[in-house]
Structures are given as C-alpha cells and as structure tokens.
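Q: Starting off with a structure, shown below.
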Amino acid sequence: MKRLPKWFTGEFFGTFLLVFFGCGSVCTAVTTGAQVGVFQVAIVWGLGIATAIYLTGALSGAHLNPAVTVSMAAWSDFPKSRVLPYIAAQMLGAFMASAALYLVFGNALGEFERANGIVRGAPGSEASAMVFGEYFPSPGGKPLTAAARARMSAPAAFGAEVLGTAVLLLVIFCATDERNRSRPQVLTAASIGLTVTLLISLLGPLTMACFNPARDLAPRVFSSLAGWGGMPFRLNGQGWWTVYIAAPLLGGLLGGAVYRVFFKPAYRD
C-alpha cells in the first residue's frame, strides 16, 4: 500500500487534534458546564494546539490553519503549489474531528436541546450549533437576543478576526525565526498555544475567536449536515465567510507583512 505523504499526515491529524481538543472543550462547556468561564475553554484550546504542533511539526511544519498556509506561501519560501493540498488536508481533518465529537457528544447535545426547548435548525439553535461553527457575538450556550447581537456588529467582528489572526501569525513567524536569539525554541509550540489562549480570552466572548478558516468552515458544514440545516449560514448573514474565512486570511497576510517589514530585517542585525 502506498504510504500517505508525511505532510498530509501532519496536516490532517494535526488539524483533527486541534479541533477535537478545542471544539471538544466547547462541547463540554455547553452541554455539561464542565468548563466555567472563557479562560478554561481557552486554555484547553491552547494546550490542544501546542500538542498538535509538537506531534506534527516535523511532518508538515504544523500549519493546521489555511491562514498560516497562505501567509507562509506569501512571506516565506513555502511552495505555492502546496497551498491547496494543505488546505484540503486541514479541512478534512477538521470535518472528521467534528464527526468524532458528534459521536461522543451527540446524546449530550440532544439532551441539552430538549432541556432548553431548542429545536435544531430553528431560530435559537445557535445555542447548540456553537459547539461546531462560530457566531458573533458568542451565544454562550444560549439563543442570541437582540440585545446580545448589539454587542458585536459585523464590521467590528471582521476587524477583531483580522487583528487576532495578525497577532497570531506575527508570533508564529517571530517564534520560528532562527535569527531571533530569544525565540522559545523547544517551547515554540507552547508559546503559540498560549498566544491562542490569550487571544481567545480577549476575543472569545465577541467572535468566539476563530483565526482559522478550517476550524470554522468544516465544523460549520458538518453541523449543517447534522440537523442544523441552513441556520449556521444564515444567522450572521454574510459573516460566516467574511468574518470567519476572509478576515483570518487577511489577518494572516497582515501579520506576515508586519514580520517581513519590521522584525525580519531587525533579526539580521
């Protein structure tokens, strides 16, 4: 049997782990209340990302995120011919992780919906759908009210995702630059994971803190197939792609540009 390319193994399983741990923490928070507060969810995300990077970095560079792949292709020597294959592997890994989580948490999700009078796919079912895709502002396990929606407009959500992803990519580029004498080296994965923890702690209540189109789109598609229908693509209007796909891609390019213009030349001195 022909062996899968190691980059595919790295991107598929790395993204699988990222989504399994991260969205899994949201599943437990929503359905059981096991995680109390945004930080507890955020730290599981951060540790999950660090673990995935440690396991797959030597195989594929551990992009695990289309925003990282596109930025690496634009601002480093990563081959542009690998961009689409990497993204396909990331999307597949995220989708399969969503299916695995549904297998584990399906009964708990159903009971959560019954206990709270939620009809899957109907208005208000974002309270349970949020364990897969992302919405602004964060539903927090409850149907979004008009007052809650007023906390986060689409332009503000777009800006938050651009800024958050830019910060993440800046950290990634700087932490992995061999000319940066203060780079964390063996703690690189942990540093990136902790950066995600910080960003989720700040922006999670507003946009659920995506920064990764694969983490959102593949689980969102899965939730649509699992009974939520068109609701995941209607609730925020065009925001499902402007805020959670376009914004992270733009933010990744912006973060890479800041590194290239300001940090990379300085590390040479």
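Here, each number is a calculation from the coordinates, and none is a lab measurement. If you're wondering where the values come from, they're calculated on a predicted model, not measured in any experiment. Positions of Cβ are backbone-derived with ideal geometry, glycine not excepted, and every protein chain shown enters the neighbour counts.
Q: Under 11 Å from the Cβ of Leu144, count the other residues' Cβ atoms, weight Lys and Arg +1, Asp and Glu -1, and hand me the total.
A: Values: positive: Lys142, Arg149, Arg151; negative: Glu126.
Neighbourhood net charge equals +2.
Q: To the nearest 0.05, how large is the calculated FRET efficiency for Val104 and Leu55 if R₀ is 25 Å and r is the Cβ-Cβ distance? Could you put the intermediate results ahead of the total?
A: Details: r = 20 Å, r/R0 = 0.82.
That pair, Val104 with Leu55, gives E of 0.75.
Q: Shifting gears a bit: What ranking do 107-113, 18-24 get when scored by the average of other Cβ atoms within 10 Å per residue, highest first? It would help to have the intermediate numbers written out before the result.
A: Details: 107-113: 16.1, 18-24: 25.3.
The most tightly packed comes first, giving 18-24, 107-113.
Q: So if I place +1 on the C-beta of Lys and Arg and -1 on the C-beta of Asp and Glu, and nothing else carries charge, what would the dipole magnitude of the chain be about its Cα centre? I want it in debye, nearest 20.
A: 360
Q: Then there is this: With a ≥ b ≥ c taken as the square roots of the eigenvalues of the C-alpha gyration tensor of the range 93-132, please select rounded if a/c is under 1.5 and otherwise prolate if a/b is larger than b/c or oblate if it is not?
A: oblate
Q: For every other residue with a beta carbon closer than 14 angstrom to the beta carbon of Leu199, add +1 if it is Lys or Arg and -1 if Asp or Glu, then tell me the sum. Working shown, then result.
A: Working: positive: Arg215; negative: Glu134, Glu161.
Residues near Leu199 contribute -1 overall.
Q: Find which of Gly239, Ala148, Leu194 sits farthest along the positive direction of the dipole of the range 143-239, computed with +1 on the beta-carbon of Lys and Arg, -1 on that of Asp and Glu, about the Cα centre.
A: Of the listed residues, the answer is Ala148.
Q: Sticking with this structure for a sec: Would you mind putting 74-83, 60-69, 33-42 in packing order, based on average other-beta-carbon counts within 10 Å, highest first?
A: 60-69, 33-42, 74-83
Q: A further question on this structure: For the chain, what does -39500 (n - 2.57) per DSSP helix run (n ≥ 4), summed and divided by total residues, give at 222 nm, in deg cm²/dmol to the nearest 500?
A: On the way: 12 runs with 176 residues, N = 269.
Using -39500 (n - 2.57) per qualifying helix, the result is -21500 deg cm²/dmol.
Q: Quick check: from the Cα gyration tensor, does the chain come out rounded (a/c under 1.5), prolate or oblate?
A: Numbers: a/c = 1.87, a/b = 1.54, b/c = 1.22.
Verdict is prolate for the chain.
Q: Using the Karplus equation 6.51 cos²θ - 1.76 cosθ + 1.60 (θ = phi - 60°), what ³J(HN,Hα) coupling, rounded to whole Hz, does each residue of the range 219-229 give in order, writing x for Gly and Pro?
A: My calculation for the range 219-229 gives x, 5, 4, 4, 4, 4, 6, 8, x, 7, x Hz in order.
Q: What does the C-alpha gyration tensor say about the overall shape of the range 1-130? Classify as rounded when a/c is under 1.5, otherwise prolate if a/b is larger than b/c, or oblate.
A: Numbers: a/c = 2.32, a/b = 2.09, b/c = 1.11.
Taking the square roots of the gyration eigenvalues as a ≥ b ≥ c, the range 1-130 is prolate.
Q: Continuing with this model, one more query. So what is the relative contact order for the range 6-263, in percent, with contacts set as C-alpha pairs under 8 Å and at least six apart? The partial results should precede the final answer.
A: Details: 432 pairs, mean separation 74.6, N = 258.
Reported relative contact order: 29 percent.
Q: Sticking with this one: Need the C-alpha centroid separation for the range 200-232 versus the range 1-43, integer Å.
A: Value for the Cα centre distance between the two parts: 13 Å.
Q: Assuming 0.36 nm per residue, please report the length gained on full extension of the stretch Ala147 to Ala266 beyond their Cα-Cα distance.
A: Values: separation 119, 0.36 × 119 = 42.84 nm, distance 4.66 nm.
Result for the pair: 38.2 nm of gain on full extension.
Q: Let me ask something additional. Work out how much length Ser76 to Thr32 would gain on full extension: take 0.36 nm times their residue separation and subtract the Cα-Cα distance, in nm to one decimal.
A: Numbers: separation 44, 0.36 × 44 = 15.84 nm, distance 4.32 nm.
Here the answer is 11.5 nm.
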